[in-house]
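Here the structure comes first, spelled out in structure tokens, and everything after it is commentary.
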Amino acid sequence: MNPIKGKRIVLGVTGSIAAYKAADLASKLAQNGALVDVILTENAEKFITPLTFQTLTGRKAHTSLWEGDAHVVHVGLGERADLLVIAPCTADTLAKLTHGLANNLLTVTALASRCPVLLVPAMDGAMFQNPATQANLETVRSRGVRIIGPVSGRMASGLLGPGRMLEPAEILGHIRLVLGENGPLRGQHILISAGGTQEALDPVRYLTNRSTGKQGFALAQAALDLGAKVSLVAGATAAILPTPAGAARFDVESADQMAEVVLQLAGEADALVMAAAVADFRAKAPSPHKIKKVETPPAIEIERTPDILSLVSEQRAQTGKPRVVVGFAAESQNLLENARDKLKRKRLSMVAVNDISAKDAGFAVDTNRLSLVTPEGVEQLPLMSKAEAAAAVMQRVTEMLRDPGPVTN
Ligand code: CTP
């Protein structure tokens, strides 16, 4: 489940032109089910109004240390918060936090809070690179404050350089990561493969399949939400998907490359979820040059690619790792029969099977209808979003990691 849901998040907004992006962040947090209390500094109000945030969050946005019962406001907000995010965070606010100054509602709240703190700096490149700012960043980091960004790019001054605030969607990912880190998979390394591989015919053409990688990337997010360390091996067809914040991503093209990376990472993973649609066949002898459009089309001899899951199972029989191995099956007929066969043949802990003949499940749609097949039985899940399906699979993986049963040979 999305760890942002139901959490109390204090969003501090300071005086940078990037303040307009904080409105988008506040909106995204509210849409994800957070209770968002916004605090604007006096300088932030020069760029954006409290009304904007009030409208987006449905809650009062705070500005002054002296509003209403001031003590209750700052101590209350800081004490109850699950997370304090300051986005954008100017060099000035950073300096105040470094030295424990408390001369506005935001810095008072920061000093009074005991929750994790996430700073998202935004400032001019020279200000960011100034040794004073760098030293301040180092100091707050050493106290456990997390800092994300800034990134290089064009700034309001027209100059290029480091200082641009991360985009709201990326900040949201990091917030999700921080709020999920103490989940039941904390300390577990989950390896996930996603997307389809491409098998070269010549330098410009390849064999591939319709996988988009959406289900695999959703699985990576679901594992992160439960606090896991995640390695995500992405096939070429998933190249355009954004990396979930916190996942270590490995991009591969062919089944061979995927096999190499997966086998290496599997040696240190607690669970492998193989959601990738690995091409089953490849050209026996790919042409080093572009195949020309000749009158008689050439015959292309094909051969099998390595079966990665079977190789992992062999390795697992020797090393005991990963303790849990989950395969995916895309079937168009005899779903459960084929899944049970795959479970046995590839020596898996579980097979998640989906019916690709249905229009609302499988490739390139946002929903899936999975059946989870284990040696103990079948759990049929209803039609749900790929995010929900991923959460259900990772829930089962969490249970299996608690009690993985014997490694079968
Ligand atoms: N898989 C794999 N290596 C391959 C092909 C598939 O590890 N070369 C994995 C997939 O990632 C998936 C599972 O095996 O988790 C099922 O893949 P699928 O292609 O459906 O199974 P096959 O055993 O190849 O059987 P078939 O295609 O005939 O149904």
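Scanning the range 171-191 for residues that are more than 14 Å from the chain's Cα centre (by Cα) and among the acidic types (Asp, Glu) turns up nothing. The set of residues in the range 337-365 being within 11 Å of the ligand (Cβ to nearest atom), open to solvent by less than 40 Å² (accessible area, probe 1.4 Å) and aliphatic (A, V, I, L, M) consists of Ala339, Leu343, Leu348, Met350, Val351, Ala352, Val353. Total residues in the range 145-156 satisfying the condition of being loosely packed, with under 12 Cβ neighbours inside 10 Å and within 22 Å of the chain's Cα centre (by Cα): the figure is 0. Taking the listed residues Lys321, Lys292, Lys284, the one that is away from the ligand (no atom under 13 Å from the Cβ), at pLDDT below 95 and open to solvent by 40 Å² or more (accessible area, probe 1.4 Å) is Lys292, with no other qualifying. Between Leu159, Leu201, Leu191, the distinction of being aliphatic (A, V, I, L, M), in contact with a helix residue (DSSP H, G or I) (Cβ under 7 Å, 6 or more places away or on another chain) and under 30 Å from Val278 (Cβ atoms) belongs to Leu191 only. Of all residues in the range 262-281, those satisfying the criterion of being near the ligand (Cβ under 10 Å from one of its atoms) and outside any helix (DSSP H, G or I) are Leu272, Val273, Met274, Ala275, Ala276, Ala277, Val278, Ala279, Asp280, Phe281.
As a summary of the residue check, Gly161 satisfies the conditions (1) in a helix (DSSP H, G or I); (2) free of Cβ contacts under 8 Å to residues at least 60 places away in the same chain except for the one numbered (1). In the set (1) surrounded by 20 or more Cβ atoms within 10 Å (Cβ to Cβ); (2) part of a loop (DSSP other than H, G, I, E, B), the condition left unmet by Arg210 is number (1).
For first residues located in the range 288-308 and among the hydroxyl-bearing types (Ser, Thr, Tyr), partners that are part of a loop (DSSP other than H, G, I, E, B) and lie 6+ apart or on another chain with Cβ distances below 9 Å form the pairs Thr305/Thr197; Thr305/Ser254; Thr305/Val278; Thr305/Ala279; Thr305/Asp280. Annotation for the range 248-266: at least one member residue is in contact with an Asp or Glu (Cβ under 8 Å, 6 or more places away or on another chain), under 18 Å from Ile302 (Cα atoms) and surrounded by 16 or more Cβ atoms within 10 Å (Cβ to Cβ). Screening the candidates Ala329, Ala279, Ala275 for the property of being under 28 Å from the mean Cα position of the chain (by Cα), modelled with pLDDT under 95 and not charged (D, E, K, R) yields one hit, Ala329. The set of residues in the range 295-318 that are among the β-branched types (Val, Ile, Thr) and either more than 8 Å from the ligand (Cβ to nearest atom) or out of contact with any helix residue (DSSP H, G or I) (no Cβ under 8 Å at 6 or more places or on another chain) (or both) comprises Thr296, Ile300, Ile302.
Selection of first residues in the range 231-256 that are more than 15 Å from Leu272 (Cβ to Cβ) and within 14 Å of the ligand (Cβ to nearest atom) and of second residues that are in a loop (DSSP other than H, G, I, E, B) and open to solvent by 60 Å² or more (accessible area, probe 1.4 Å), restricted to Cβ pairs under 7 Å at least 6 apart or on distinct chains, gives the following pairs, ordered by first then second residue: Thr237/Thr208.
Can Gly187 be described as out of contact with any Asp or Glu (no Cβ under 6 Å at 6 or more places or on another chain), open to solvent by less than 20 Å² (accessible area, probe 1.4 Å) and modelled with pLDDT of 95 or more? The answer is no for Gly187.
Applying the criterion of being under 14 Å from Ser385 (Cβ atoms) and either touching a helix residue (DSSP H, G or I) at 6+ places or on another chain (Cβ under 7 Å) or not in a loop (DSSP other than H, G, I, E, B) (or both) to the residues of the range 355-370, the residue that is modelled with the highest pLDDT is Leu370. For Asn334, the stated conditions hold: it is within 16 Å of the ligand (Cβ to nearest atom) and on the phi > 0 side of the Ramachandran plot. The numbered conditions (1) within 15 Å of the ligand (Cβ to nearest atom); (2) crowded, with 24+ Cβ neighbours inside 10 Å are all true for Gln221 except (1). Counting just the residues of the range 107-144 that are in a helix (DSSP H, G or I) and closer than 21 Å to Phe47 by Cα, which one comes out most open to solvent (accessible area, probe 1.4 Å)? Result: Met127.
The values are calculated or read from the model by the stated rules, or taken from the named source; none is laboratory data. Treat the numbers as computed from the prediction; the structure is a model and nothing was measured. Using ideal geometry, Cβ is built from the backbone for each residue, glycine included, and neighbour counts are taken over all protein chains shown. All accessible areas refer to the heavy atoms of the entire protein, side chains included, with ligands and DNA or RNA removed. Shrake-Rupley method; radii C 1.70, N 1.55, O 1.52, S 1.80 Å.
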